[in-house]
Amino acid sequence: MDNLRHLNRRLVSASSAADGAYYRWARRSGVTLHTLDLLYALDDGTPRSQKQICEEWGLPKTTVNTVVKACQEAGYLTLEVMPGQPRERRLCLTAAGMAYAREVLEDLYAAENAAMGETIERFGPAFVDAAAFFFARFQAAIDASLSEKPEKEDTEPV
């Protein structure tokens, strides 16, 4: 059990450090972390609804809504009615949005690719499957645990 705790701490520490790298990248690029998340999510060319982005990326709805409004006002994305779902809008990057995303993300992708290339060279492509499996199992365990607990009101940290 102590070994699992040690391994979990190493993984959480590494994950937090990676989150910090994305934060620093966003700040250096002149965008918020959540704007970076939205651009990253939409940059694969697949339109998604705000709801889908919140679910896929674990982002708060209000945060995504705020970023979407700002990007829409800047001319970086449009909202289109989703076929068969009149209440849902899919987010589509405009030409200006695609150019902006490319500007913000191009060197970030290069850094990711360099890190992934070295990792795959050392551990093989199963590394990605193992990481995805871990995070899916972790999310399921958290969801199960949270479903058993009553929700607490937000409190100030002590």
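The values are calculated or read from the model by the stated rules, or taken from the named source; none is laboratory data. All values derive from a computational prediction rather than experimental measurement. Counting neighbours? That spans all protein chains shown, and the Cβs are built from the backbone with ideal geometry, glycine included. For accessibility, only protein heavy atoms count, side chains too; no ligands or nucleic acids. Shrake-Rupley method; radii C 1.70, N 1.55, O 1.52, S 1.80 Å.
Examine the stretch 95-102 for a residue that is open to solvent by 30 Å² or more (accessible area, probe 1.4 Å) and in a strand (DSSP E or B), and state whether such a residue exists. Break it down stepwise before answering.
Step one: filter the stretch 95-102 for residues open to solvent by 30 Å² or more (accessible area, probe 1.4 Å), giving 95-96, 98-100, 102.
Within this subset, residues satisfying the condition of being in a strand (DSSP E or B) are none.
There is no residue in the stretch 95-102 that is open to solvent by 30 Å² or more (accessible area, probe 1.4 Å) and in a strand (DSSP E or B).
In the stretch 71-78, is there at least one residue being touching a strand residue (DSSP E or B) at 6+ places or on another chain (Cβ under 9 Å), of a type in the set (Gly, Ala, Ser), within 22 Å of SER29 (Cβ to Cβ) and modelled with pLDDT of 95 or more?
First, pick out the residues of the stretch 71-78 that are touching a strand residue (DSSP E or B) at 6+ places or on another chain (Cβ under 9 Å): 71-72, 76-78.
Among the residues that remain, those that are also of a type in the set (Gly, Ala, Ser) are: none.
No, there is no match, as no residue in the stretch 71-78 is touching a strand residue (DSSP E or B) at 6+ places or on another chain (Cβ under 9 Å), of a type in the set (Gly, Ala, Ser), within 22 Å of SER29 (Cβ to Cβ) and modelled with pLDDT of 95 or more.
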Are any residues in the stretch 1-25 acidic (Asp, Glu) and within 23 Å of the chain's Cα centre (by Cα), and if so, which ones?
ASP19
So which pairs qualify, if the first residue must be in the stretch 78-92 and over 16 Å from GLU55 (Cβ atoms), the second must be assigned to a strand (DSSP E or B) and hydroxyl-bearing (Ser, Thr, Tyr), the Cβ gap must be under 6 Å, and the two must be at least 6 apart or on different chains?
CYS92/THR78
Any residue at all in the stretch 135-150 that's open to solvent by 60 Å² or more (accessible area, probe 1.4 Å) and among the hydroxyl-bearing types (Ser, Thr, Tyr)?
yes
Testing PRO83 on (1) modelled with pLDDT of 95 or more; (2) over 18 Å from ASP44 (Cα atoms); (3) not polar (S, T, N, Q), one condition comes back false. Which one is that?
(1)
Looking at (1) under 29 Å from LEU11 (Cβ atoms); (2) at pLDDT below 95; (3) of a type outside the set (D, E, K, R), which one does GLY117 not meet, given that it meets all the others?
(2)
